[in-house]
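Where a number appears in this text, it was derived from the coordinates with a stated rule and is not lab data. On a predicted model such as this, the values are computed, not experimentally measured, just so you know. Glycine gets a Cβ as well: all are built from the backbone with ideal geometry, and neighbour counts include every protein chain shown.
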Number of protein chains: 2
Amino acid sequence: MTKPYELYYWPNIPGRGEYVRLALEAAGVKYRDVGRKKGFAAIAEVSGAFGEAGASKHAVLPFAPPVLKAGDLVIFQTAAICAWIGERHGLVPRKKQSRQFALGLALTIEDFVREVHDTHHPIAAYQYYEDQKKEAKRRAKDFRENRLGTFLTYFETVIARNAKSDVWLIGAKPSYCDLSLFQTVRGLTYAFPKAMARVSKDSPHVLANAEAVAQIPRIKTYLKSKRRLPFNQEGIFRHYPELDDS
Amino acid sequence: MTKPYELYYWPNIPGRGEYVRLALEAAGVKYRDVGRKKGFAAIAEVSGAFGEAGASKHAVLPFAPPVLKAGDLVIFQTAAICAWIGERHGLVPRKKQSRQFALGLALTIEDFVREVHDTHHPIAAYQYYEDQKKEAKRRAKDFRENRLGTFLTYFETVIARNAKSDVWLIGAKPSYCDLSLFQTVRGLTYAFPKAMARVSKDSPHVLANAEAVAQIPRIKTYLKSKRRLPFNQEGIFRHYPELDDS
C-alpha cells in the first residue's frame, strides 16, 4: 500500500467519522481526511467519487459517509470500516471467533449510537430539533431510564467476562471495539452528564475501559492534536439540558 | 461441520430472524430453528446459552437474537450472520471488493429496516404502539415522504449500475443481500401497501429483484413451506392503515 488511506466524512462534526479516525490513529497509519481538507461539497458528492454507472465491474456505490478508500478498495458503513482497519492493523485478535465477536460488538455499539441520535431526532432526521422537541423529551426519558443502562450493563458484562483482561472488551489488547466504546462513552458524558453520572456508577469496567483507551500512546497524542474534533451541537451527541436527568 | 447450524430467534415473529432463515434456505444447509422448537423461554435466555462468565476464553455474549451457532462458532448481529453464511456458502462473489460492498449493502438494508421499525415505535421500543400513536403518525409521514424513496432509489441505482446483471445487486448471481432486500420489500408492501404502490413505480429493478428472489428454486420451496412465517402485527413490519398514505 503506497497511497495513504483516504477518509471521506463531513468536516464539521465528529459523528461517525470519528469512529474511523480513532481506528486509523490507533493503527498508526497515514490517512488523508478529505472532508476537512476539501470541505463539505467534496463529501456531499461522495457517491460520485468512486466511479460512474457501469464504469467498472467493481464500481461501488456507498450509501453515505463515512467511506474509506484504501488503494482501490472502497469500504462504507462505519462498523465495516473499523473492522477492516482492525483486522488489517492488529486491532483485533486473529481467531475466527474473536473476529466475529468483535464485529458483533461493533455493530451493537452502532445500535447504541443510533439510539443516542434518535433522542434528539425521534421524528425526522432532517428536520430541526426545535420542531420535535416535545417528542425528543419523551424519547430521551425512555433512553435514559431503559436503554442507557441496558447497553452499559451489556458492555460491562463483556469486559468482566473477558478471561484475558480486566480492561478490554476482547482479548488481551485494545481492539477497534474499545476505541468505539470510548468514543460513545465520551459522547454520552457530553450529551447526558447527569444521567451518565447516575448510571455509569454501575459500570466501573466501562469507565476504566474509556480511561485506558485515552492512555494508549497514539490515542493520547491524537486527542491533544487539532485532528481531534470536539463534540458539538450538530453531531450525534448533543447536549440539550432538557433531555438529560433533571 | 457435522452438527447442523442452530438459529436462535423469537418463535412468534419473522423479524430479523427471517433474514437469517432466507440465507440458510438459499444456502441449502440444514439448521435447527431453536426458538420454534423450544419456545420463547429458550430465546429469552439466549445469552446464557453460550457459556458463563470466565467459563471459556472464547465465551461470547450476544447482545440480542438472532444468534447463529455453527459448530462451536457463535455469531450475532443479523448482517454479520448473513455475511458469514453468504461467504461460506457461495451467496456472495469471492473478490475482496465485492465482499466489502455486500457487507455495506447488508448494513444499509439494516439501517432501512430499523427506520421501518421506528415508524410504529418512535418513542420507546418496549411501550405499546397505542401510547405513541400520535408520534408514530408524524414519523411514518416523514418516512413515507423522505426516507422510503431515498433507500429504494439507492438500491435501484445499485442494481442498475451492476455491470454483471440486470437483476441482482452485486455480481452475476443472487447474494445474501438480494435475499435481505427481498424480505424488506415484501415487508414494506405488507406494512405500507399504498405508499409502496406510489413509490416503487420509480424502482422497477428493485421490484424485479424481489420477484427474481421469490423464483430461486430453494426460496420458492421455502416460501410455500410451514417454515416461512407470515408478517404479523408484532414484528418489524406492521400494517397500521393510519401510518400509510391516505
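Structure data summary
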| quantity | calculated |
| --- | --- |
| For B:83-91, mean number of other protein chain Cβ atoms within 10 Å | 1 |
| Within the stretch A:37-188: Cβ-based charge dipole about Cα centre, in debye rounded to nearest 20 (Lys, Arg +1; Asp, Glu -1) | 400 |
| Ranked by how many other beta carbons lie within 10 Å on average, peptides B:69-75, B:160-166 from highest | B:69-75, B:160-166 |
| Most fluctuating residue given options A:GLN233, A:GLN127, A:GLN183, as computed from a GNM of chain A linking Cα atoms under 10 Å | A:GLN127 |
| Other copies of B:LYS30: label-to-label distances in nm, shortest first, labels 7 Å along the beta-carbon direction | 5.5 |
| Cα-Cα separations in chain A greater than 32 Å, expressed as whole percent | 22 |
| Computed [θ] at 222 nm, helices only, for the protein assembly as shown once each DSSP H run of length n ≥ 4 contributes -39500 (n - 2.57) | -15000 deg cm²/dmol |
| Furthest towards positive pole of dipole, A:VAL60, A:GLN127, A:LEU22, structure part chain A, Cβ charges | A:LEU22 |
| Extent along principal axes [Cα atoms of the stretch A:189-246; Å; largest to smallest] | 37, 29, 13 |
| Positive-end residue of B:ILE216, B:LEU103, A:VAL92, charge dipole of the protein assembly as shown with Cβ unit charges | A:VAL92 |
| Qualifying lysines (Cα of each under 30 Å from Cα of A:LYS201; at least 8 residues distant if same chain) | A:LYS133, A:LYS134, A:LYS137, A:LYS141, A:LYS164, A:LYS173, A:LYS220, A:LYS224, B:LYS57 |
| Estimated D of the protein assembly as shown in µm² per second, where Rh is the Kirkwood radius over Cα pairs and Stokes-Einstein applies at 20 °C, 1.002 mPa s | 93 |
| Cα gyration tensor shape of the stretch B:118-179, rounded if a/c is under 1.5, else prolate or oblate by comparing a/b with b/c | prolate |
| Inter-chain Cβ neighbour average for residues B:64-70, partner chain, 10 Å | 1 |
| Rounded to the nearest 20 debye, dipole of the stretch A:117-164 from Cβ charges on Lys, Arg, Asp, Glu | 180 |
| Inverse of mean 1/r across different Cα pairs in the stretch B:77-163, Kirkwood, Å | 14.9 |
| Cα centre as origin, Lys/Arg/Asp/Glu Cβ charges: the protein assembly as shown dipole, Debye | 1340 |
| Percentage, to the nearest whole number, of Cα pairs in the stretch B:120-246 over 16 Å apart | 65 |
| Kyte-Doolittle mean at least 0.0 and Cα axial length at least 18 Å: DSSP H helices in chain B | B:148-161, B:176-191 |
| Exercise: per-residue mean of other protein chain Cβ atoms within 10 Å, A:104-114 | 4 |
| Global form of the stretch A:159-207, assessed from the alpha-carbon gyration tensor, a/c cut-off 1.5 | oblate |
